[in-house]
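Report on the following structure.
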Amino acid sequence: MIRDPLAEWDGPYPYDELADIGVTPDYTHKAMGEVTFTLMTQSKLSGRARQAWHELNDLQNRLLIDFLLYDVDLVGEIQAARGRTAPEPVELDEPPRLAGATELPREMLTGLADEFRATTSLDELLPIRVLQDVDMYPPLSVIDGLLRFDK
């Protein structure tokens with residue numbers, strides 16, 4: 001189980017404090033009551049350890065502490081992620097032949113050249129017409145001065 005990295009706790013996290021004697025979220029409430037004896041026999045009953053034990057021995061507090069833990073199978077999740085991101089083996093065949101795709105028939109080129117020669121005016125080449133009444137719109141500098149955006 002891993003602890004929520006964004007969760008804040010006043011003081012040391014109780015499971016972290018008692019991890020050296022083997023206390024985990026799998027401990028029963030009855031076994032948690034005997035942790036102080038284990039701490040005393042190993043001469044590890046410090047103030048911090050006692051505070052951690054008090055927090056874990058209180059049922060409502062322990063439910064809150066356990067709520068901040070996530071049961072994640074890290075090894076399985078990593079293997080699954082690697083399986084999803086592993087490139088699939090690709091058998092490389094001979095590349096397709098592109099010789100025919102890059103060649104154009106001579107008749108097609110001749111026809112294009114004839115169409116281009118027939119076009120004599122710039123208006124026929126550029127179908128976009130410029131507005132005749134451009135002078136009736138204010139310049140962009142005036143519009144930019146009127147529009148302001150908060151940052």
Residue list for the range 22-51, filter: surrounded by 10 or more Cβ atoms within 10 Å (Cβ to Cβ) and hydroxyl-bearing (Ser, Thr, Tyr): Thr24, Tyr27, Thr36, Thr38, Thr41, Ser46
Flag for Arg148 being of a type in the set (D, E, K, R), at pLDDT below 75, part of a loop (DSSP other than H, G, I, E, B) and within 36 Å of the chain's Cα centre (by Cα): yes
Tabulated pairs, the range 84-111, first in a loop (DSSP other than H, G, I, E, B), second surrounded by fewer than 10 Cβ atoms within 10 Å (Cβ to Cβ) and modelled with pLDDT under 75, C-beta under 8 angstrom, 6+ apart or interchain: none
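Has the range 76-85 got any residue that is closer than 20 Å to Tyr13 by Cα and either under 34 Å from the mean Cα position of the chain (by Cα) or surrounded by 11 or more Cβ atoms within 10 Å (Cβ to Cβ) (or both)?
Of the range 76-85, the ones closer than 20 Å to Tyr13 by Cα are none.
Checked against the condition, which is being closer than 20 Å to Tyr13 by Cα and either under 34 Å from the mean Cα position of the chain (by Cα) or surrounded by 11 or more Cβ atoms within 10 Å (Cβ to Cβ) (or both), the range 76-85 yields no hits at all.
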Residue satisfying all of: in the range 57-73; touching a residue at least 12 places away in the same chain (Cβ under 8 Å) and touching an Asp or Glu at 6+ places or on another chain (Cβ under 9 Å); surrounded by the fewest Cβ atoms within 10 Å (Cβ to Cβ) among these: Tyr70
Scan of the range 1-15 for residues that are closer than 17 Å to Asp71 by Cα, touching a helix residue (DSSP H, G or I) at 6+ places or on another chain (Cβ under 8 Å) and surrounded by fewer than 14 Cβ atoms within 10 Å (Cβ to Cβ), ordered by number: Ile2
Among residues of the range 1-50, those that are within 42 Å of the chain's Cα centre (by Cα), part of a loop (DSSP other than H, G, I, E, B) and of a type in the set (Ser, Thr, Tyr), counted: 5
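Regarding Gly100, is this residue exposed (fewer than 10 other Cβ atoms within 10 Å of the Cβ), at pLDDT 85 or above and of a type outside the set (A, V, I, L, M)? Even if it seems obvious, please write down each step before you answer.
On the way: exposed (fewer than 10 other Cβ atoms within 10 Å of the Cβ): yes; at pLDDT 85 or above: no; of a type outside the set (A, V, I, L, M): yes.
So Gly100 fails the test.
The values are calculated or read from the model by the stated rules, or taken from the named source; none is laboratory data. Here the structure is a predicted model, which means the values were calculated and not measured. Glycine also receives a Cβ, built like all others from the backbone with ideal geometry; neighbour counts cover every protein chain displayed.
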